[in-house]
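The values are calculated or read from the model by the stated rules, or taken from the named source; none is laboratory data. Worth saying up front: this structure is predicted, and the values here are computed from it rather than measured. A quick note on method: Cβ atoms are made from the backbone with ideal geometry, for glycine too, and the neighbour counts reach across all protein chains shown. Note: areas computed on protein heavy atoms with side chains; ligands, DNA, RNA excluded. Shrake-Rupley method; radii C 1.70, N 1.55, O 1.52, S 1.80 Å.
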Amino acid sequence: MSRPQQLLTPGPTAVPPEVLSALAQERLRAVFRTESEVLVFTASGTGAFESAIVNLLSPGERVLAVSQGEFGGRWQAMARALGCDVVPLEYAWGASPRPDDLRTALDESGARTAFLVHSETSTGVVCDLEPLLAVCAEAETDAWGADVVITGSQKALMTPPGLAFAAVSERAWERTATASLPRFYWDWQRQRKGQEKLSTPFTPATSTVVALTEALGIVLADGLEAAFARHRALGRACRAGIKAIGLELYSPDDDSAAVLTGALTPEGIDAVALRLALRDRHGIMIAGGHGDLVSRLFRIGHIGHVTVEQIAGALTAIEVELGAAGADVEQGNAAPAALEAFGTVAPA
């Protein structure tokens, strides 16, 4: 009679059954809206970036990398570092890629692979991905024809950092057979075989996988459309509050900016000092800008586990700190504007 095996090794240590079963659940596929394999790596989102490059490309192969912010630039830098011939399609930060530009760049470069950033969180721009993917010809994951879709657990999935995901189409799997960039940890085939056995080829971030399983259940309980609608409403609330303060929006003033709202401080007001004041005096953490925008740009995220009351509170704190820094800001306008835009009644 066989007995259950007990794992008493020093690493990997015993894994709770729910962790192993979580890797086989359909929740990730449902969230990605794909029938394709969703690979789960213990890594930041940048690790999934690298996995795409090394599994799809060969040394010296030409690739088109579109950049309209920090993360588009990361695609370019990473592909160069790994030995690819990178053709950049550059936009000013805050701009949105255009299908005609992409078509021309693909035709002129002869590249078979294009890297695009859908949600450029460094600027708040979410590009209109469907017409861009239509241009790619080889290229919602299945409905739009994306071959590889990548994200990290710390984004809208309401899970701590530590996991990265790559939803891989059959066409992309076929490409891996001829791609010859060296890979080991990032090898999709190795990861796929592990997941087929409800396991992983390397030590997984088990506690984060458990958290992810719970978070995906929360997201799917009300449905993806409800989550999208809530994020759009939070974006409207945040933008309305920013404009009520009298600040200039950096991110778009429309529902494409459902992930975050970027705004510029008034001339002479340092955005870094504002963020530190919010953290130290109000216990509120917001994000800063990159590059030349460090001193002016701040970013408020409103995806995941965020409420409109939190947004309103952050906007009120921004009013207070801008006034303390000498900005000509009328107090008390931001929160009511945000709550009205969200669709609630501002408290008396």
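The residue pairs whose first member lies in segment 76-105 and is within 19 Å of residue 133 (Cα to Cα), whose second member is hydroxyl-bearing (Ser, Thr, Tyr) and in a loop (DSSP other than H, G, I, E, B), and whose beta carbons are closer than 8 Å, counting only pairs six or more residues apart or on different chains, are 97/91.
Pairs meeting the criteria (first residue in segment 218-236 and polar (S, T, N, Q), second residue assigned to a helix (DSSP H, G or I) and open to solvent by 20 Å² or more (accessible area, probe 1.4 Å), beta carbons under 9 Å, at least 6 apart or on different chains) are lacking. For segment 289-312, filtered to residues that are crowded, with 17+ Cβ neighbours inside 10 Å and in a helix (DSSP H, G or I), the residue that is modelled with the lowest pLDDT is 293.
Exactly one residue out of 317, 324 is under 29 Å from residue 219 (Cβ atoms) and more than 23 Å from the chain's Cα centre (by Cα), and it is 317.
Considering every residue within segment 81-100, establish whether at least one is under 24 Å from residue 34 (Cβ atoms) and among the hydrophobic types (A, V, I, L, M, F, W, C). For segment 81-100, residues under 24 Å from residue 34 (Cβ atoms) and among the hydrophobic types (A, V, I, L, M, F, W, C): absent. Among residues that are β-branched (Val, Ile, Thr), surrounded by fewer than 20 Cβ atoms within 10 Å (Cβ to Cβ) and closer than 30 Å to residue 74 by Cα, residue 272 is included. Checking each residue in segment 315-324 for being open to solvent by less than 10 Å² (accessible area, probe 1.4 Å) and either modelled with pLDDT under 95 or of a type in the set (A, V, I, L, M) (or both) picks out 315, 317, 318, 322.
Cβ-Cβ contacts under 6 Å between residues 6 or more apart (or on different chains), taken from a first residue in segment 320-348 that is under 11 Å from residue 245 (Cβ atoms) and of a type in the set (S, T, N, Q) to a second residue that is open to solvent by less than 50 Å² (accessible area, probe 1.4 Å) and at pLDDT 95 or above, are listed as 331/319; 333/244. Here segment 57-75 is the region considered, the condition is being more than 19 Å from residue 128 (Cα to Cα) and of a type in the set (Gly, Ala, Ser), and the residue that is surrounded by the most Cβ atoms within 10 Å (Cβ to Cβ) is 58.
Yes/no per residue for (1) touching a strand residue (DSSP E or B) at 6+ places or on another chain (Cβ under 6 Å); (2) within 18 Å of residue 302 (Cα to Cα):
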| site | (1), (2) |
| --- | --- |
| 242 | yes, yes |
| 255 | no, yes |
| 268 | no, no |
| 277 | no, no |
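Just one of the listed residues (278, 216, 247) is of a type outside the set (Asp, Glu), more than 30 Å from residue 39 (Cα to Cα), in contact with a helix residue (DSSP H, G or I) (Cβ under 7 Å, 6 or more places away or on another chain) and open to solvent by less than 40 Å² (accessible area, probe 1.4 Å), namely 278. Here 82, 116, 181, 102 are screened, and the one residue that is closer than 20 Å to residue 45 by Cβ and open to solvent by less than 20 Å² (accessible area, probe 1.4 Å) is 181.
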